[in-house]
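Contents: one structure, followed by commentary.
Only the coordinates and a few stated rules stand behind these numbers; no lab work does. Values in this document were obtained by computation on a predicted structure and should not be read as measured data. Backbone-built Cβ (ideal geometry, glycine too); neighbour counts: all protein chains shown.
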Amino acid sequence: MEHEHEHEDEHDIESGARERAGRRDEAVRAAVAQGLLGPGAAVVGLLDVTGIRRSAAALRAAFDAVAAPGTPVLHAFAVKATPLVPVLRLLHEAGIGAEVASPGELALARAAGVPAARTVLDSPAKTPAELREALALGVAVNADNPQELDRLDALVRSAPSRSPLGIRINPQVGGGTIGATSTATETSKFGVALRDEGAREWVVRAYLERPWLTRLHAHTGSQGIPLSLMARGVAETYALAEEINARAGRHRIDTLDIGGGLPVNFASEGTTPSYAQFARLLAEEVPGLFDGRYGLVTEFGRSLLAKHGTVVARVEYAKSAGGRRIAVTHAGVQVATRTVYAPEAWPLRIAAYDAEGRPKAGPEVVQDVAGPACFAGDLLAEGRALPLLDQGDYAAALDTGAYYFAHHYAYNSLARPGIYGFAPDGSGGIRFATVREPQTIAEVVSESGGAHASALTTLCAHESR
């Protein structure tokens, strides 16, 4: 049966990859034809609405397939992955909630219409005001540490709340290949370090003394974390919940928040690993997780959106240096910060399109794809074999729907690009919807203190008196 599942997964992955690539090619061509891309709009972000909806459906189906009927499951999208209100609204209508880690992200989720009952707050640095707001709204809160739990004690005593409350633990099961995204290492900044001396007993006592603590949360990591390590982190969390409930003599913990972090395959078009593979692994390794005794919360982010976003940039100039061809584009560190500063950990596939937005053919040539920022390392790709990119062509950075164009880095005061969702128009074409307007130069000036141009010289004038 497992081999049958693997065969089905491989077929679905290949079919889905072909369809997604086809939709992307159509969207790039349509963006050029409709004027969203061109000399006056040299870089845009494109979001595949069909693909996003299919990812959400695949996530829900994967857990429904292994969970006992009637098990309450909340899939809460990690807002930090793509903090755009229209995206959150789309996911909400596809049955996905929101996991937030700041007042701004909570505000985005509320603006998108995500109900408090489908929102989880996980920030490691929550202020008293943030905690009060969350409890007043009924948002679920996972306390990161003993000091935060002290604050919750005082707030719960002063005003009843319908918020589900829990503690985040660090199972300390180890890290993956990218240290910055490994959250269950021995010295991770997140949660209560479960293997530290006295920590496990402190967590157990915290639940025994507080009937209002009903959830337990852990998040092992994201990109670079193998599925086996993720499953081990979930298993440790489940074992602790079982221990707490046994010592309490009743079902004190009723919900397990297992975090998210399914890694994304940036090396090819395929969506691997799949949610179905991960859910089946959890069912094998931690069968009690799905027997109906616990409600479940997940917090996937990158894996829901990455494959469905594309940064497309016009090639402003094509040149050579030292025998190397260089395509100078308008997409660099401002939209692909992680890739530019840590290319070994965050490599991106690049697709070449001609001036009309059609996939470019021809022999592959080793070339650099450079960004517009004024430093030598601003490269989307270095020494990459691609059809030769000429002036007026387009370079597309693939798999950039999460942690890329929605996380603008204002190096050189480069303006934020416009972001557009796309879907079939029902007549064989593509229609677009604005997700975020391109930033204007006037807005760049305004956000850089334009209204306070004389503020510092005024101080100097007073100082010299």
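Data overview
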| quantity | calculated |
| --- | --- |
| Proximal lysine pairs, the chain, alpha carbons under 27 Å, eight or more residues apart or interchain | 6 |
| Cα convex hull volume per residue for the range 49-304 (Å³) | 118 Å³ |
| Binned Cα-Cα distance frequencies in the chain - 10 Å width, integer % | 4, 19, 27, 23, 16, 8, 2, 0, 0 |
| Using a Förster distance of 41 Å, the FRET efficiency for residue 293-residue 425 (Cβ separation, nearest 0.05) | 0.30 |
| Stretchable slack from residue 342 to residue 243, in nm (0.36 nm times residue separation minus alpha-carbon distance) | 31.5 nm |
| Coarse-grained scattering of the range 220-369 at q = 0.09, 0.13, 0.20 Å⁻¹, given as base-10 log I(q)/I(0) from a Debye sum over alpha-carbon atoms | -0.47, -0.74, -1.26 |
| Cα gyration tensor category, rounded, prolate or oblate, for the range 40-131 with a/c compared to 1.5 | oblate |
| Length added when fully stretched, residue 388-residue 316, from 0.36 nm per residue minus Cα-Cα | 24.5 nm |
| DSSP loop GluC sites (Glu not before Pro) with at most 15 other Cβ within 10 Å: longest gap in the chain | 1-185 |
| Gyration tensor (alpha-carbon) shape descriptor, the range 340-397, a/c threshold 1.5 | prolate |
| Gap separating the Cα centres of the range 240-269 and the range 396-434, nearest whole Å | 33 Å |
| Gyration tensor (alpha-carbon) shape descriptor, the range 307-438, a/c threshold 1.5 | oblate |
| Sorted by Cβ density within 10 Å, fewest first, the residues 222, 446, 161 | 446, 161, 222 |
| Counting all C-alpha pairs of the range 206-263, share separated by more than 17 Å (%) | 40 percent |
| Of all DSSP beta bridges in the chain, antiparallel share, percent nearest 5 | 50 percent |
| Estimated FRET transfer efficiency when R0 is 35 angstrom, pair residue 117-residue 453 (beta carbons, to 0.05) | 0.15 |
| Chymotrypsin sites (Phe, Trp or Tyr not before Pro), loop per DSSP, at most 15 other Cβ atoms within 10 Å - longest free stretch of the chain | 1-211 |
| Cα coordinate range in the range 243-306, projected on the principal axes (Å, largest first) | 50, 21, 16 |
| Rel. contact order, % - alpha carbon contacts under 8 angstrom, at least six apart, the range 307-438 | 29 percent |
| Helix-only CD estimate at 222 nm, as mean residue ellipticity for the chain, using -39500 (n - 2.57) per DSSP H run (n ≥ 4) | -10500 deg cm²/dmol |
| Orientation-averaged projected area, Cα convex hull of the range 310-379 (nm²) | 5.1 nm² |
| Ranking of 319, 126 by count of other Cβ atoms within 10 Å, fewest first | 319, 126 |
| Relative contact order [Cα under 8 Å, 6+ residues apart], the chain, whole percent | 17 percent |
